[in-house]
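First comes the structure, then the notes that go with it.
The values are calculated or read from the model by the stated rules, or taken from the named source; none is laboratory data. Just so it is clear, the model here is predicted, and its values are computed rather than measured. Cβ atoms come from the backbone with ideal geometry, glycine included; neighbour counts cover every protein chain shown. Areas reflect the complete protein model, heavy atoms only, side chains present, ligands, DNA and RNA absent. Shrake-Rupley method; radii C 1.70, N 1.55, O 1.52, S 1.80 Å.
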Amino acid sequence: MRRLLPLLLILQLAFAPAFGPAPRPVSQAGTVGRLMAQMTAAEKVGQLFIVTFYGPTAETGSDIERLISQSHVGGVALLAANDNITDTLNAPAQVLALANRLQSLAAATGVSGPGEAASYIPLFIATNHEGDGFPFTEIRSGLTDLPSAMAIGATWDPAQAEAMGAIAGAELAAVGVNFLLGPSLDVLETPRPLAPGGLGTRVLGGDPYWVGSLGRSYIRGVHSGSAGRLAVAAKFFPGYGASDRDPAEEVPTVRKSLEELTRIDLLPFFMVTGEAAEPAAAADALISAHIRFQGFQGNIRETTSPVSFAPRAFAQLLALPEINTWRAAGGLTVSDALGARAVKRFYDPAEREFNPRRIASEAFIAGNDVLYLADFGLNPRQDQTRNIADVIAYFTQRYTEDRTFAAQVDAAVARILQLKLRLYGGRFEAAAAQRPVEGLAELGQGRAQVLDLARDAASLISPSPEELAARAPEPPGQAERLVFFTDSQVGRQCSECALTLLLDRKALENAVLQFYGPGGSGQVANPRNLQSFSFDELASYLNARANPPPTAGPETPTPETSPVETALNQADWIVLAMLNVNAGTANLVSTFLSQRSDILRTKKTIVFAFGAPYFLDTTDLSKVTAYYALYSKGPAFVETAARLLYRELVPRGSPPVSVEGVNYDLIQVTAPDPAQTIQLFSDAVLGEVGGTPPPTDAVTPTLGLSVGDVLGLR
């Protein structure tokens, strides 16, 4: 079945005139015009900026209070790294209180023209919410623990994507967020396991049609779940999927022509803009990527500036029919963070100077309606607020002196206000922007849906089901011993919050005991048959083996046997739970499989990838009994791994990206099957397309087509 849908897409695109997208909602042009007539130059300019700030409060006299009341900023982004969210027990309540406070500051400021009553313009309250917790989900407790994008991709199911979007939309709207920085629509054509800062599980997959289809469904879910109160900014336009380095650290350069981008990287963005089947499935905004292209305009030797700062290149992208149609209907363009290290290094490789006016001006002139000012300075905690205020003052001055600049500002502000009006039912009321505390009672209710997705996403990467049945025909027996090794990576909610393991050391052991121990099915007769160690403990053990102490004298006591060594010798099953392999760190699972291949011959070795599925090579996989991909590390995925271990579940998912270690090539997997017969239908009456009816005595009716006629097929 999975081979069929891409071919149907080809047919649908080939006969696109018969499948026109639904019209966008009627614009609020009159209301926008009246509101803009009241606004001062400073108030208009302020709407162009989504800013960040430090700390969990917005009290009177704080940096963010001044930026709202004096600089009239149009939006605020809440980030864990900025300590905006510090409550590890009740984060949603803290976020809601902060969001309501920020909106009340905007309401107190208002805008007013001569002889007019003050009008309120709500803020964009933005955040990242990519799923799978740390590091790309800002609110890391109290909400439903959503899966990563790649876990959604592994289901190949738009309905599952929509369900996850609906949960995200409902919960974020309940805590006062109205602008989602995501989802990612990057197409990961060729995974690079050793590339620093790889996209990992942040992507829906490597096939452009499926990325677009799942992304479109996710966006539809966000809009429906939030009842239209949450705007969606798809990222990173035109796509980071082919980059070979961390785009946050250095601007990548990709050798692709515009034609190649249109065929692959841009296709998902087309599917959520001009080709969106309905308004609810369309993104409200696109976040532009800080990425350079070589050969973009036909000259293979020419390299663009980052497209987010390059007026000619960005204009070419925005002029593409699908994007242009969407822009004409009010679609916003939003810059990625203008203080990212990649931007700083592009403008000054030595990172000694930072010119906020130049950076912001060039991003705006290039075509970004909204400028996202995060880490906006050489020392953001000291100079960011000053830089933001200075840029806004500079833009205001340019607005009054430069008609061309003012016209671009007005056009951008009109799109911004139109979107804000859509979020608030066509009019601005301060009370409507305040979210009730009672809505928090409905949070965290989506676990059952996430568990369904985890089961549908789980994939057996290696070996084949038939070979696995031969290698390990039965699950662990009652008396068999299992030893678990779990990745030791840590994260935190804020800079002063306690570090926590991203995957608890005993997570798998506890799940096995819950379902199969004495209180469960009884397949584990004695809990002492299970032992758990962290990857740190495994690393210390392997290091000690690789670097033994100098030979001691006869009176030197024999060192005690390592607990890891004892557990490995006694184990019947070895289970390794790994996350993504970070840039610059060794692949500990690969190291273990290499160093202890001797002991593995008599054990059953299971590897669960709770991150991306491509970090083990062919030689690694030849040493394990089974290699499963879960793609996410939340409780639902740990439970699913335990059930896979005990053969209670049959894995139903398939990797949405290529996995070189098992020769899993996504292009081949999703290629149309040449042996298929696909029936085509036409709504045209036979013989009427060309205007000539078929003869009544014809044995085989004809379509009556002539060269040049257009026939819509489905």
Exercise. Kindly provide the set of residues from segment 367-382 that are free of Cβ contacts under 8 Å to residues at least 12 places away in the same chain and not in a loop (DSSP other than H, G, I, E, B), ordered by number.
Key: Gln382
Quiz item: Restricting the search to segment 456-480, which residues are over 31 Å from the mean Cα position of the chain (by Cα) and surrounded by 15 or more Cβ atoms within 10 Å (Cβ to Cβ)?
Solution: Leu468, Ala472, Pro475, Pro476, Glu480
Exercise. Consider Val334 carefully, then state whether it is aliphatic (A, V, I, L, M), open to solvent by less than 10 Å² (accessible area, probe 1.4 Å) and part of a helix (DSSP H, G or I).
Key: no
Quiz item: Residues Ala227, Ala195, Ala234: which one is of a type outside the set (Ser, Thr, Tyr), within 22 Å of Tyr631 (Cβ to Cβ) and at pLDDT 85 or above?
Solution: Ala234
Self-check item: Breaking point among (1) surrounded by fewer than 24 Cβ atoms within 10 Å (Cβ to Cβ); (2) in a helix (DSSP H, G or I), for Ala636
Solution: (1)
Quiz item: Going through segment 70-97 one residue at a time, which ones are open to solvent by 10 Å² or more (accessible area, probe 1.4 Å) and either closer than 18 Å to Glu171 by Cβ or of a type outside the set (S, T, N, Q) (or both)?
Solution: His72, Leu79, Ala81, Asp83, Asp87, Thr88, Leu89, Asn90, Ala93, Gln94, Ala97
Quiz item: Which residues, counting only those in segment 416-455, are open to solvent by 10 Å² or more (accessible area, probe 1.4 Å), over 30 Å from Asn368 (Cβ atoms), out of contact with any Pro (no Cβ under 9 Å at 6 or more places or on another chain) and touching a residue at least 24 places away in the same chain (Cβ under 8 Å)?
Solution: Val437, Gly439, Glu442, Gln445, Gln449, Asp452
Quiz item: Do we find a residue being at pLDDT below 95 and outside any loop (DSSP other than H, G, I, E, B) anywhere in segment 123-139?
Solution: no
Exercise. Just one of (1) under 15 Å from the mean Cα position of the chain (by Cα); (2) buried (at least 23 other Cβ atoms within 10 Å of the Cβ) trips up Ala248, so point out which.
Key: (2)
Exercise. Hey, could you check segment 525-567 for residues that are of a type in the set (Asp, Glu) and over 17 Å from Ala507 (Cβ atoms) and say which is modelled with the lowest pLDDT?
Key: Glu555
Exercise. Could you look through segment 639-660, keep only residues that are within 13 Å of Pro613 (Cβ to Cβ) and not in a loop (DSSP other than H, G, I, E, B), and pick out the one that is nearest to the chain's Cα centre (by Cα)?
Key: Val659
Exercise. Identify all residues within segment 205-245 that are assigned to a loop (DSSP other than H, G, I, E, B) and open to solvent by less than 10 Å² (accessible area, probe 1.4 Å); write none if there are none.
Key: Ser226, Leu230, Pro238, Gly239, Tyr240, Gly241
Self-check item: Count of residues meeting criterion [of a type in the set (Ser, Thr, Tyr), more than 30 Å from the chain's Cα centre (by Cα) and not in a loop (DSSP other than H, G, I, E, B)] in segment 497-541
Solution: 4
Quiz item: Could you list, in sequence order, the residues of segment 124-142 that are surrounded by fewer than 24 Cβ atoms within 10 Å (Cβ to Cβ) and of a type in the set (A, V, I, L, M, F, W, C)?
Solution: Phe134, Phe136
Exercise. Please tell me if Ala407 is part of a helix (DSSP H, G or I) and either modelled with pLDDT under 95 or crowded, with 18+ Cβ neighbours inside 10 Å (or both).
Key: no
Self-check item: Residues located in segment 579-622, provided they are open to solvent by less than 20 Å² (accessible area, probe 1.4 Å), in contact (Cβ under 8 Å) with a residue 60 or more places away in the chain and in a strand (DSSP E or B)
Solution: Phe608, Ala609
Quiz item: Residues of segment 215-232 being aliphatic (A, V, I, L, M) and either over 15 Å from Met271 (Cβ atoms) or free of Cβ contacts under 8 Å to residues at least 24 places away in the same chain (or both), which ones?
Solution: Val222, Ala227, Leu230, Ala231
Self-check item: Selection within segment 271-298 - surrounded by fewer than 20 Cβ atoms within 10 Å (Cβ to Cβ) and within 17 Å of Ser213 (Cα to Cα)
Solution: Ala277, Glu278, Pro279, Ala280
